[in-house]
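The values are calculated or read from the model by the stated rules, or taken from the named source; none is laboratory data. Remember, predicted model here, so these are calculated numbers, not experimental data. Methodologically, a virtual Cβ is constructed for each residue, glycine included, from the backbone with ideal geometry; neighbour enumeration extends over all protein chains shown.
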């Protein structure tokens with residue numbers, strides 16, 4: 001009986017999380033996201049005058065096709081996702097930022113990811129200020 005109650009509790013918790021969904025940009029704080037973006041600056045730039053580094057410029061990527069910076073040489077993994085029609089929606093970006101290598105197998109991005117949902121929401125909100 002105890003196992004059944006624990007199983008029901010786990011199902012209820014999973015359903016609650018599924019209904020709540022991940023924290024996304026509408027829940028994020030752009031000012032806090034600017035601080036989180038410091039983790040990205042070693043490889044990426046954003047905003048006026050941004051240039052490609054190890055990673056591409058991230059200005060205006062939200063709701064744009066993946067791998068759309070013509071001046072950057074993307075990995076085959078990213079080019080395959082572009083051919084599949086992937087778009088950097090806040091939802092896809094949220095999933096990617098949590099675990100880049102797990103979300104797009106074969107990516108060159110060595111970043112371990114942002115494990116905290118609020119950090120992902122904040123950085124996405126920050127990125128959206130550069131549309």
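Table for the structure above
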item: Any hit, region 103-119, residues being modelled with pLDDT under 95, surrounded by 14 or more Cβ atoms within 10 Å (Cβ to Cβ) and part of a helix (DSSP H, G or I); result: yes
item: Filter result for residue 127 (over 24 Å from residue 31 (Cβ atoms) and touching a residue at least 40 places away in the same chain (Cβ under 8 Å)); result: no
item: So residue 92, is it in contact with a helix residue (DSSP H, G or I) (Cβ under 9 Å, 6 or more places away or on another chain) and free of Cβ contacts under 8 Å to residues at least 60 places away in the same chain; result: yes
item: Given (1) outside any helix (DSSP H, G or I); (2) modelled with pLDDT under 95; (3) more than 17 Å from the chain's Cα centre (by Cα), number of the condition residue 49 does not satisfy; result: (2)
item: Residue match in region 66-89 (condition: closer than 18 Å to residue 122 by Cβ and under 16 Å from the mean Cα position of the chain (by Cα)); result: yes
